[in-house]
1. Pairs needed: first member in the stretch 99-114, of a type outside the set (D, E, K, R); second member anywhere, exposed (fewer than 13 other Cβ atoms within 10 Å of the Cβ); C-beta distance under 8 Å; at least 6 residues apart or different chains.
2. Quick check on residue 78: is it of a type in the set (Val, Ile, Thr), within 22 Å of residue 120 (Cβ to Cβ) and free of Cβ contacts under 8 Å to residues at least 12 places away in the same chain?
3. For the stretch 58-77, which positions are surrounded by 14 or more Cβ atoms within 10 Å (Cβ to Cβ) and either over 19 Å from residue 19 (Cβ atoms) or at pLDDT 95 or above (or both)?
4. Being over 20 Å from residue 123 (Cβ atoms), β-branched (Val, Ile, Thr) and in a helix (DSSP H, G or I): is that true of residue 25 here?
5. Any residue that is touching a residue at least 60 places away in the same chain (Cβ under 8 Å) and part of a loop (DSSP other than H, G, I, E, B) - is there at least one of those in the stretch 58-74?
6. Which of the residues belonging to the stretch 82-99 are assigned to a helix (DSSP H, G or I), surrounded by fewer than 18 Cβ atoms within 10 Å (Cβ to Cβ) and out of contact with any Leu (no Cβ under 9 Å at 6 or more places or on another chain)?
Amino acid sequence: MIEFKEIENAISAHTAWLKNIKTAVAVSTMSEKSSNSEQSIKTITKIDADDKCTFGKWLYETIDPELKSHIHYEKTVTLHAQFHHQAANILSLALKGQKSQASSLISSNSDFIQCSEELIAILESWKNDL
């Protein structure tokens, strides 16, 4: 079933993003000066945009119309947008040299991780409904 595979792909894309954000925070060594560079600002803006990643493009552009009308669609959109906004905030802190604060925001009991887990749970539930 195509819809099932689309949701599986969404879960995989989300999981990869989460790993990338954690890695970016772990290896961040930028200073306040470099965090204000044009490239850093573009990166933060791109991360905040929830329609630019693979998952977001699927969610907003290529999703099957039947899936878009599913009960889990709106909650998925909301959680996905929250995830991106929080990820942009976390990366912004890391790029400003506030690595410990950024790290605390990706700890296992943080709002960011809870949002991520809730997003995966809603996608799993959606997949199981198919």
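The values are calculated or read from the model by the stated rules, or taken from the named source; none is laboratory data. Bear in mind that the values here come from a model prediction, so they are computed numbers and not experimental data. All Cβ positions, even for glycine, are placed from backbone atoms using ideal geometry, and neighbour counts span all protein chains on display.
1. Hits for this filter: 103/26; 105/111; 113/107.
2. Against the criterion (of a type in the set (Val, Ile, Thr), within 22 Å of residue 120 (Cβ to Cβ) and free of Cβ contacts under 8 Å to residues at least 12 places away in the same chain), residue 78 qualifies.
3. 59, 60, 63, 67, 70, 72, 73, 75, 76, 77
4. yes
5. Checked the stretch 58-74: at least one residue is touching a residue at least 60 places away in the same chain (Cβ under 8 Å) and part of a loop (DSSP other than H, G, I, E, B).
6. 85, the sole residue that qualifies.
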